[in-house]
Structure formats: structure tokens, C-alpha cells
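Scroll down for the structure; my scribbles are underneath it.
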Amino acid sequence: MALSKARIIAAAVALLVVGAGALLWHPAIAPVDTHAVFSHEQVARGAELAAIGDCSVCHTATNGQPFAGGRGVPTPFGTVYATNITPDPETGIGRWSEAAFKRAMRDGIDRAGHHLYPVLPYPHFTRATDADIAAMYAFLMTRPAAHATAPLNQLPFPLNQRFVLAGWNLLYLSPGPWHPDPAHDAAWNRGNYLVEAIGHCGACHTPHNALGAESSGQTLAGGQAENWYAPPLQSASPAVRPWTQATLADYLRTGFEAHHGAAAGPMTAVTDELAGVPDSDIQAIATYIASMMPKTAPEPVMARAGGDPHAAAIFAGACAGCHGSDAPMTRAGAPSLALSTVVNAPTPQGAIQMILNGIPWREGKSAPYMPSFGAVLTDAQVADLASYLRATYSEKPAWTDVPAEVAKARGSS
Amino acid sequence: MIRLNVNGHDHDVDAEPDTPLLYVLRDDLALNGAKFGCGLGQCGACTVMVDGRAVFSCLTPIALLPGRNVRTIEGLGMNAVQQAFVEEQAAQCGYCIAGMVMRAQALLEHNPNPSEQEIRDQMAVNLCRCGTHMRILAAVRRAAGRGVKS
């Protein structure tokens, strides 16, 4: 008997429903009362990996207990709040087995079977080795427990329905282990693994598509982080002096490099964390990133005279004490603005953020500091100053839409 | 000539537009409360308020200021914040205190009931080389209970 068209359609729909259901439904993993004991070595390794992975940067609220969550991470779709990943049994991951933790890291599914938002960079963590995930689990399960529940995410319908992430994962999550590239040496491969599987550098430094996924084929080609410019870490790098393995390693370790400048904005937290990880890992990350960077670049321009006289007066009165030629700070090793990444970047976003926010004091750290000028400069003055820096210190073409970028940065800071 | 409004009074100042506000306050207007410390925005001794927000006057060229309101410690009078600094005996040598008072004033005008952390975050950029930070913090806490709009 021939199947009628209607029956075929009905069967197809049923299959789709069952298939979608199978994709959407994930079982809870039974809660455990963990009294597991971890080796000192495993916990210490987990601490290093958690530092490279910057877990505490997102999972700690301002002045909050480390890993207790509550920090709102702004996304183009709304604010997602990082959850409590301390071992508190009620509000943290205290009842998560290692298998549940691994599923969250690999598949973006929590212990109860709910989808996690890819603000948690599980498309990267999915490449982490079993041993490294186990070490991070050991580290987190031995942190002091905090009783803390994150605020509810602020996402519009339908994005606040977690099942939609099943579709997102079909499109953008490609599970599977990391594979070394035999064409490269061990340090390069180690760096590649740390950058891709743990450090998730691409979460900021790769452009994102309309659905918030890292654009394929544009790995580390430059992106955005919390309205800051995240420069390309490959051939499109705007650095006037080409980065080398040694200068990258210095920068990652200290947050400052004498021919490029200081880590600022969201990057300060990254370099703060990297200050404490094994040197071999810093060297490996630097080896991998440097291999993608351009090898030559034009010499920087000398500061040009002239330009908008009003902006020149602002620069002379507000900036030149540190950034003028032969200012004390330049003698202490700070680079000329002609070498600055943000001044030579394709958008004014970084320069504007630096002017508005500077680099805040970080208590107890020997680290670069720049006062903020957001309180004293009007939006128009910020725009004039940014355009003046570009015209004076860079060969690159003038930025467009500078006032609009200032307004955007004000709204977010 | 650049017209500045300081503590509610207009002044026409004959100075280059890149001149730091601090120099004009001290050299032209005889308002000597704000102090020169580092000249680089690193110590806060020169802190004054512009349109209600604390700024480093050493890094504020007067070109920025036409149409805006500058307030210095001379314009506060013995208000709640200054009174609290006296009661807590927060000054030792006193060099940083005008800047500390102005930063505290700016904080409390925007946030009359700051948390301990908010007080510390706001005051962190102003330094006291004598080491009276604990008394300064106590003074800000004391002032916070009193309302500072004046």
C-alpha cells in the first residue's frame, strides 16, 4: 500500500519532534555528596588552569568572594549573570559530580540538564583534556563555599528560553578533542591548546556573528569586549612595532610592554591572572600568538605639530605631563603614543575608553595606572581629543563616527 | 581671556588655554586650598570639583572650563564634611586634606549613604603620605551620616 502524502508529512513531523526532543532533553546527573579528596598536585594544576581560563574574572562580583558568581556580563542580547561555582551544596556546584562538571564544560549543560549560555565559553572548553577538566574541578571543589545565588539573567524572549540553545549548539558547537599540529613544535602546540581550549582568547579577540558565535574563518581577527576594542592577535594586528614572542611574553606576564603599552579595560584582569601561572605556559602562549603576528611593520611617525588647536590645548594641559615628548613617564619606559595600539586601531573605541576610564588603581599591585578623564571632559572634548591623537600620532586615516562612539562608551561606563 | 566660574563667581583669567586649573586657582585667584603634589594625577592633593564631580585640577586645562562650575574647598565653608574632618582630627601635616575633603564631598553629594567599599573605592586615588588614611576614612563615614548638600 502506497503511503499517502499526508502520512509521509506526519511521519516527518513526528521524527522531527522526536529528534528535537532528543536534542532538547538532557537528563539530570544525580547530585552527589562529595567528600572527595584531591591530590595537592591536581589542585595546584587546576589553579593554574583556572587562572589561564580566567574563571574568577567572570565568576566573581565586584568586591565579592572569588568564584561566588553574581557578576553581570553584558552581551549584545542582554546581561547574563555568572553563577556561583564554589562548592556550596545549595547555590554552588557542591553537589555536582565530576561527570556533571565535565558535561557543563564540554556541552554547556548544567547538572540538572539545563542549557548554559555560551557566555560560558564551552565551545572552547569542549577541547580541554579530561585531565585538565578534572584538575579544574578539583581546584573549584576545594575553594571556600559561598552561599550566593546569581541575579536572574536579563534577556528578552525567546532568548530567555534555554532550549533555544539546542539550536545554537547545533550550529556553533563542534565537540571533539583538541589535536596537536605535527607541523609545529611542542611549545607552539602547547600555546595553541592553552589559547583555544582554556584561555578562550577568541571570546573577545574574534569577531562575533549576529547570533553571538565566533565568526568562522576569522579566528583572533579582532573583536569586542564590554565595549572595549580587542585587537587582532594575527596578521591584522595594528601594532606599529611587530609583536615578538619575547615582547608578548613580557606583556602577558606583567600587563605592560615598553614598545606597545599597558593592558587596559577587560585585559587587565587577564594579565593579572597570568602573572601567577608557570612561565613555560606564558612562553608557549606567546610562541603561538607570535607565530600568527605580522613580522614587519612601518616605522612609527614622530608626533606631528598642528592639528585642532583646542584639542592641542587639552592634550597639553591634561595628557602631556605623562605622554608629551620627554615627559617623566616616557623616561621611565612608557612608549610614545605613536606606538599605542589603541591610537593605531581601526576604530576609536579603545582610545575613547582609555580617555574616559584610564587604568584604575589596583590595590596592592605594582601595575600601570592612568587617571580617568571621564569626569572632567565633555563628550565633545573626548571626541576632539581622540581625533587629535589619531591625527598627531598615527599615519592611519582619521576615524569616522567618533562622537557616536563616545556616546556609546559613556552609556556603558 | 578665559572666563571661569569658581565658587559661584565669574573670573576673567588672562592665561593660555592649556594652563592647568590648579595654577590659575593658586597664582591668579589666590585660592590656595588645592595643593600641587605630583602634577601627574597620581596623588590627589589638587582635587577640586567641576560640575559636581571630583577632578585633578593639575590635569584640567582651563580650555575645558568655560560654562562649567568649579568648586574649591574655599567654596565649601565649614560644612558637614569639613566638620567631620576636624572632629576626627583627620589632618596631620594637612597637605592632602583639601583634596580629600573635595573628593569626599563629591562622593557624598552623589551617594549620601555610601558603603565602606564605595568610600574606599572613591578615596583610593587620593594619597596621604603621613598615613592618616584611617582617620580620613572615619571622617568620611562620620560625614556620611549628616547629609552634605550645602
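The values are calculated or read from the model by the stated rules, or taken from the named source; none is laboratory data. What you see is a predicted model, and the numbers here were worked out from it, not measured in a lab. Reconstructed Cβ throughout: ideal geometry from the backbone, glycine too, with neighbour counts over all protein chains shown. For the accessible areas, the whole protein counts, side chains as well, though only heavy atoms, and no ligand, DNA or RNA atoms are used. Shrake-Rupley method; radii C 1.70, N 1.55, O 1.52, S 1.80 Å.
Specify the residue that is surrounded by the fewest Cβ atoms within 10 Å (Cβ to Cβ); the eligible residues are those in segment A:324-338 that are over 20 Å from A:ILE314 (Cβ atoms) and away from every other protein chain (no Cβ under 14 Å).
That would be A:GLY333.
What is the number of the single condition among (1) open to solvent by 20 Å² or more (accessible area, probe 1.4 Å); (2) closer than 24 Å to A:ARG410 by Cβ that A:PHE315 does not meet?
Against the list (1) open to solvent by 20 Å² or more (accessible area, probe 1.4 Å); (2) closer than 24 Å to A:ARG410 by Cβ, A:PHE315 comes up short only on (1).
Only one of (1) surrounded by 17 or more Cβ atoms within 10 Å (Cβ to Cβ); (2) facing chain A (nearest Cβ under 8 Å); (3) more than 13 Å from the chain's Cα centre (by Cα) is not met by B:GLU16, so which one is it?
Looking at each condition in turn, B:GLU16 falls short on (1).
Which ones in segment A:161-171 are open to solvent by 60 Å² or more (accessible area, probe 1.4 Å), out of contact with any strand residue (DSSP E or B) (no Cβ under 8 Å at 6 or more places or on another chain) and in contact (Cβ under 8 Å) with a residue 40 or more places away in the chain?
Across segment A:161-171, the qualifying residues are A:LEU170, A:LEU171.
Give segment B:19-46 a look and list any residue that's open to solvent by less than 30 Å² (accessible area, probe 1.4 Å) and touching a Cys at 6+ places or on another chain (Cβ under 6 Å), or say none.
B:PRO20, B:LEU22, B:ALA34, B:GLY39, B:ALA45, B:CYS46
Here is a check on your reading of the model: is B:ARG120 away from chain A (no Cβ under 14 Å) and open to solvent by 40 Å² or more (accessible area, probe 1.4 Å)?
For B:ARG120, the condition - away from chain A (no Cβ under 14 Å) and open to solvent by 40 Å² or more (accessible area, probe 1.4 Å) - is not met.
Open to solvent by 20 Å² or more (accessible area, probe 1.4 Å) and either at pLDDT 95 or above or within 21 Å of A:ARG362 (Cα to Cα) (or both): does that describe A:GLY53? Quick ask: steps written out before the conclusion?
Details: open to solvent by 20 Å² or more (accessible area, probe 1.4 Å): no; either at pLDDT 95 or above or within 21 Å of A:ARG362 (Cα to Cα) (or both): yes.
In short, no.
Among (1) of a type outside the set (Asp, Glu); (2) touching a helix residue (DSSP H, G or I) at 6+ places or on another chain (Cβ under 8 Å); (3) free of Cβ contacts under 8 Å to residues at least 40 places away in the same chain; (4) within 14 Å of chain A (Cβ to nearest Cβ), there is one condition B:GLN82 misses while meeting the rest; what is its number?
(4)
Considering only residues of segment B:22-43 that are touching a strand residue (DSSP E or B) at 6+ places or on another chain (Cβ under 7 Å) and more than 15 Å from B:GLY75 (Cα to Cα), which is farthest from the other protein chains (Cβ to nearest Cβ)?
Residue satisfying both the conditions and the ranking: B:ASP28.
Just the residues that are within 14 Å of another protein chain (Cβ to nearest Cβ), surrounded by 15 or more Cβ atoms within 10 Å (Cβ to Cβ) and among the small types (Gly, Ala, Ser), please, taken from segment A:359-400.
A:ALA367, A:SER372, A:GLY374, A:ALA375, A:ALA383
Just checking, which of A:ALA203, A:ALA239 is in contact (Cβ under 8 Å) with a residue 24 or more places away in the chain, surrounded by 19 or more Cβ atoms within 10 Å (Cβ to Cβ), touching a Gly at 6+ places or on another chain (Cβ under 9 Å) and not assigned by TED's automatic domain parsing to the domain that holds A:LEU49? Walk me through how you get there before you give the answer.
Working: A:ALA239 fails: touching a Gly at 6+ places or on another chain (Cβ under 9 Å).
Selected residue: A:ALA203, the only one of A:ALA203, A:ALA239 that is in contact (Cβ under 8 Å) with a residue 24 or more places away in the chain, surrounded by 19 or more Cβ atoms within 10 Å (Cβ to Cβ), touching a Gly at 6+ places or on another chain (Cβ under 9 Å) and not assigned by TED's automatic domain parsing to the domain that holds A:LEU49.
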